[in-house]
Amino acid sequence: MTVVLVTGGAGFLGSHLCDRLIARGDDVICVDNFFTGSRKNVGHLLGHPRFELIRHDIVQPLYVEAERIFNLACPASPQAYQFNPIKTIKTSTVGMVNMMGLARRCGARILHASTSEVYGDPEIHPQHEDYWGHVNPVGPRSCYDEGKRIAESLMMNYHQTHGTEIRIIRIFNTYGPRMAPDDGRVVSNFILQALQGHDLTVYGDGTQTRSFCYVDDLIEGMLRLMDQDQQQGPINVGNPVENTMLELAEAVLGAVGGSRSRIVHHPLPQDDPRKRCPDISRAKQYLNWEPQVPLVEGLRRTVEWYRQLLQNAT
Ligand code: NAD
Ligand code: UDP
């Protein structure tokens, strides 16, 4: 039995990761400060003999024993990470130093949830891991983007200085059940708007692109990265199928079916990346991984979950 620490474990991705770890027999310590996560996301695991939930903020030192650490703690939606940008930076810097110190003391392997945002508004397309990115260091997204970049640097330096075993996953836009309904991300916004008959709010002209990965695929890639013994450098994990936001809006309307909603346009937020698509050749090579769930199927499952959520709320 492996003792695994998951920070941010009560969040969207973290809770799915905890499910998979428990299912495969690991002993899971889930740590969260509940800023964007919720006890409800792991409610079904409470009381399980191999699951422990600790309310804790990783900006404060943490003293536990673990063999593996998945560091996912950090708000992920632009609305959430810009709410308190200084706290966001502290989580990715001070919090990261705490997690690296913990990994070093325990001799644990640590995986960090990095992001496609390290590429900023990319000039290279699709984005390969060797691309250094194009980030505005003083823009509204910088608290998140630069925080994640310094976290990657910290990891490489701990690896080079102390031999700490590190895994850096650069996650591209991922969606699925348990995304917080109010977090402002595009998939949750569009689905809730379509289910409630509200207009779908496309920012800008809707020609900007993202590549959407279903949560189960992402978690599979994350586990494979943690478990492989070779690659210390960053690896992109995401779906290489690219869609405009207008295409996504149409796909959501199709998945919901019979919605009265129309598509309306709102101003594009500052520094919103124009395009984003992962080059996943490294993930294919080292992890033998590529996504299995197409957008139509992933949206169907996600819509079903939100439909249930709305029904339970009434
Ligand atoms: P989320 O907001 O649902 O989960 C983040 C979790 O971390 C929440 O439960 C939150 O309460 C917790 N948290 C935040 N700050 C903390 C702190 N200081 N101490 C302890 N807990 C803290 O977001 P998510 O989509 O599940 O993202 C998880 C990780 O994956 C994040 O690090 C995010 O940057 C990264 N990521 C996600 C995506 C995506 O598309 N979902 C894309 C790229 C990167
Ligand atoms: N977006 C949109 N309508 C919304 C929310 C977001 O058109 O209601 C756009 C946003 O401007 C961006 C894309 O969708 O171009 C993805 O936004 P999200 O916040 O989900 O993720 P990120 O920008 O971090 O990739």
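The values are calculated or read from the model by the stated rules, or taken from the named source; none is laboratory data. Computed from a prediction, not measured in an experiment: that's the story for all the values here. FYI the Cβ positions are ideal-geometry reconstructions off the backbone, even for glycines, and counts take in every protein chain you see.
The lone criterion from (1) assigned to a loop (DSSP other than H, G, I, E, B); (2) more than 15 Å from the chain's Cα centre (by Cα); (3) touching a residue at least 12 places away in the same chain (Cβ under 8 Å) left unmet by Gly37 is number (2). For the range 254-267, does any single residue satisfy the condition of being within 15 Å of ligand 1 (Cβ to nearest atom) and out of contact with any His (no Cβ under 6 Å at 6 or more places or on another chain)? Checked the range 254-267: no residue is within 15 Å of ligand 1 (Cβ to nearest atom) and out of contact with any His (no Cβ under 6 Å at 6 or more places or on another chain). Counting the residues of the range 169-203 that are more than 16 Å from ligand 1 (Cβ to nearest atom) and of a type outside the set (Asp, Glu) gives 10. Scanning the range 152-194 for residues that are without any contact (Cβ under 8 Å) to a residue 40 or more places away in the chain and on the phi > 0 side of the Ramachandran plot yields one hit, Gly163.
Does Leu248 satisfy the condition of being modelled with pLDDT of 95 or more and either over 15 Å from Arg185 (Cα atoms) or more than 15 Å from ligand 1 (Cβ to nearest atom) (or both)? Criteria not met by Leu248.
Assess whether Thr7 counts as being under 25 Å from Gly221 (Cβ atoms), buried (at least 19 other Cβ atoms within 10 Å of the Cβ) and free of Cβ contacts under 8 Å to residues at least 60 places away in the same chain. When the stated conditions are applied, Thr7 does not pass them. The single residue among Ile22, Ile54, Ile29 that is in a helix (DSSP H, G or I), modelled with pLDDT of 95 or more and of a type in the set (Val, Ile, Thr) turns out to be Ile22.
For the residues Ala73, Ala66, the requirement of being of a type in the set (A, V, I, L, M) and under 21 Å from Thr174 (Cβ atoms) singles out Ala73.
Within 15 Å of ligand 2 (Cβ to nearest atom) and more than 19 Å from the chain's Cα centre (by Cα): does that describe Asn98? Taking the combined requirement at face value, the residue does not satisfy it.
Taking the range 88-98 as the range and being charged (D, E, K, R) and either buried (at least 18 other Cβ atoms within 10 Å of the Cβ) or over 15 Å from Ile58 (Cβ atoms) (or both) as the test, no residue passes. I'm trying to understand the selection: among the residues of the range 210-244, which are farther than 16 Å from Ser281 by Cα, among the β-branched types (Val, Ile, Thr) and either surrounded by fewer than 19 Cβ atoms within 10 Å (Cβ to Cβ) or at pLDDT below 95 (or both)? Within the range 210-244, just Thr244 meets the criteria.
Residue by residue, here is whether (1) touching a residue at least 60 places away in the same chain (Cβ under 8 Å); (2) of a type outside the set (S, T, N, Q) holds:
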{"site": "Gly238", "(1), (2)": "yes, yes"}
{"site": "Thr244", "(1), (2)": "no, no"}
{"site": "Arg260", "(1), (2)": "yes, yes"}
{"site": "Val264", "(1), (2)": "yes, yes"}
{"site": "Pro267", "(1), (2)": "yes, yes"}
{"site": "Gln285", "(1), (2)": "no, no"}
{"site": "Gln292", "(1), (2)": "yes, no"}
{"site": "Arg307", "(1), (2)": "yes, yes"}
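Taken over the range 16-41, residues that are over 17 Å from Gly221 (Cβ atoms) and out of contact with any Cys (no Cβ under 6 Å at 6 or more places or on another chain) amount to 16. Of all residues in the range 246-285, those satisfying the criterion of being closer than 17 Å to Asn173 by Cα and small (Gly, Ala, Ser) are Ala249, Ala251, Ala283. Please find, within the range 150-168, the residue that is nearest to ligand 1 (Cβ to nearest atom) out of those that are outside any helix (DSSP H, G or I) and surrounded by 15 or more Cβ atoms within 10 Å (Cβ to Cβ). Of everything passing the filter in the range 150-168, Ile168 is nearest to ligand 1 (Cβ to nearest atom). Is it true that Ser281 is buried (at least 18 other Cβ atoms within 10 Å of the Cβ) and hydroxyl-bearing (Ser, Thr, Tyr)? Taking the combined requirement at face value, the residue does not satisfy it. Residues of the range 45-62 that are in contact (Cβ under 8 Å) with a residue 12 or more places away in the chain and more than 8 Å from ligand 1 (Cβ to nearest atom): Leu45, His48, Arg50, Phe51, Glu52, Leu53, Ile54, Arg55, Gln60, Pro61, Leu62. Tally up the residues in the range 68-95 that are part of a helix (DSSP H, G or I), in contact with a helix residue (DSSP H, G or I) (Cβ under 9 Å, 6 or more places away or on another chain) and near ligand 1 (Cβ under 10 Å from one of its atoms), please. Residues in the range 68-95 being part of a helix (DSSP H, G or I), in contact with a helix residue (DSSP H, G or I) (Cβ under 9 Å, 6 or more places away or on another chain) and near ligand 1 (Cβ under 10 Å from one of its atoms): 8 in total.
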